[in-house]
1. If you place +1 on the Cβ of every Lys and Arg and -1 on the Cβ of every Asp and Glu, how big does the dipole about the Cα centre of segment 262-368 come out, in debye to the nearest 20?
2. Which order results if L341, L218 are arranged by neighbouring Cβ count within 10 Å, fewest first?
3. Say we join alpha carbon atoms closer than 10 Å with springs in a Gaussian network model of the chain; which of A80, A236, A214 then has the biggest fluctuation?
4. What order do you get for L153, L282, L100 when you list them from fewest to most C-beta neighbours inside 10 Å?
5. Once the dipole of segment 2-108 is set up with Lys and Arg at +1 and Asp and Glu at -1 on Cβ about the Cα centre, which of S53, A105, I42 lies farthest towards its positive end?
6. Measure out, as a whole number of angstrom, how far apart the alpha-carbon centroids of segment 148-183 and segment 228-285 sit.
7. Among S203, G20, G122, which residue has its Cα furthest toward the positive end of the charge dipole of the chain, with +1 on Lys/Arg Cβ and -1 on Asp/Glu Cβ?
8. Can you tell me the length gained on complete extension of the stretch A108 to N269, counting 0.36 nm per residue apart and subtracting the Cα distance?
Amino acid sequence: MASEIHSIVMPKWGLAMEEGIVTAWQIDAGATIAKGQEIADIETSKIANVFESPVSGKVRRLVAQPGETLPVGALLAVVADDAIGDADIDAYVAKFNEALKEMLAARASEKKPEPESVEIAGGRKIRYLKLGVGEGPPVVFIHGFGGDLNNWLFNQEALAETHTTYAIDLPGHGGSSKDVGAGGVGAMTSALVAWMTAMKIDSAHLVGHSMGGAVALLLASTQTAKVASATLICPAGLGPEISMEYINGFIEMSRGKKLEPILQMLVANPALVTRDMIEDVLKFKRIDGVDAALKKMRDTMFPGGEQAAILRDAFDNVKAPLQVIVGAQDRVLPAAHAKSLPGNVKVQVFDNAGHMPHMEAASDVNRLIAEIAR
């Protein structure tokens, strides 16, 4: 009987997430839902996002109340056939909550994966987070301008179920050295190659976002043996246009109220940008060397307010499977840049996403990455 009862629990979005708040249900008790359907809005200390059901069936009970703060793994809802009686649902919830107490006690003593650093050629340090164990080339996640390895909190753990995965901080970002060299896409690509060499990674499935997408494309076209596949998410380098309002605003705004509308340019739904996300960006920008690094990269990559590196011809030299993912509502890089690419390049457009489809449509993006990273 218990096998016919399915639990929907508070998800874990990234290593730092310990708890979340169901800010609103998008369904009612008694509704029949499908796997992958958006059923709730959840807010964490890092980001707010929609939550997609992991199961299909009839919602017999909504356990979590809107506004309630619950730990990761806590019971949110119960899905079961009508053949299951209310008393059995009551017993299931009680038993689940008892098991949760034991799980939380055990979790408190668990050692969690932590980012590490490795020295690359030239004496710089690159920070990275390794998750998962799998055969074959690892999956390497490469963030965009102003980002860091935490940008992949909805993606890395999902891919780590079947692959060895790494999320890295490029020079000038996160916990890596703030020396960005020449400051262009080529310099970032060279740093990625140096990191792969230091980590003894001969080949990898690259997943790059924005600037990281340009880095992945450049590497895939120039050192083909190092790239097993490439997923480019809202990649830079496909056309001259870029929002300098975003780039300059990210660099220059030093107060939360002024930075908030800049960060909201990243997503289709501005409610996804939380106060903690804003504060994390402000903390990053206060680190010594960050301001100079970002400005050097801006001046090198976007002279005159346009992208200096146009890499459309690079597709002709790519040997590995390659796909491009864009958000139709991208306000940083035009989604139209992904048009008229070579026929062997699979292009996926998410209508309800902006510049961060790997966060805004995480489940679908993770599925696309998994399909190409075989």
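Every read-out reported here was derived from the displayed coordinates using simple, explicitly stated rules and does not represent laboratory data. Computed from a predicted model, the values in this text were never measured in an experiment. Virtual Cβ from ideal backbone geometry, glycine too; neighbours counted across all protein chains shown.
1. Dipole about the Cα centre, nearest 20: 120 debye.
2. Fewest to most other Cβ atoms nearby, the residues stand as L341, L218.
3. Comparing A80, A236, A214 in a Gaussian network model of the chain, the most mobile one is A80.
4. L282, L100, L153
5. A105
6. Distance between centres, Cα-based: 16 Å.
7. G122
8. Value of the extension gain: 54.5 nm.
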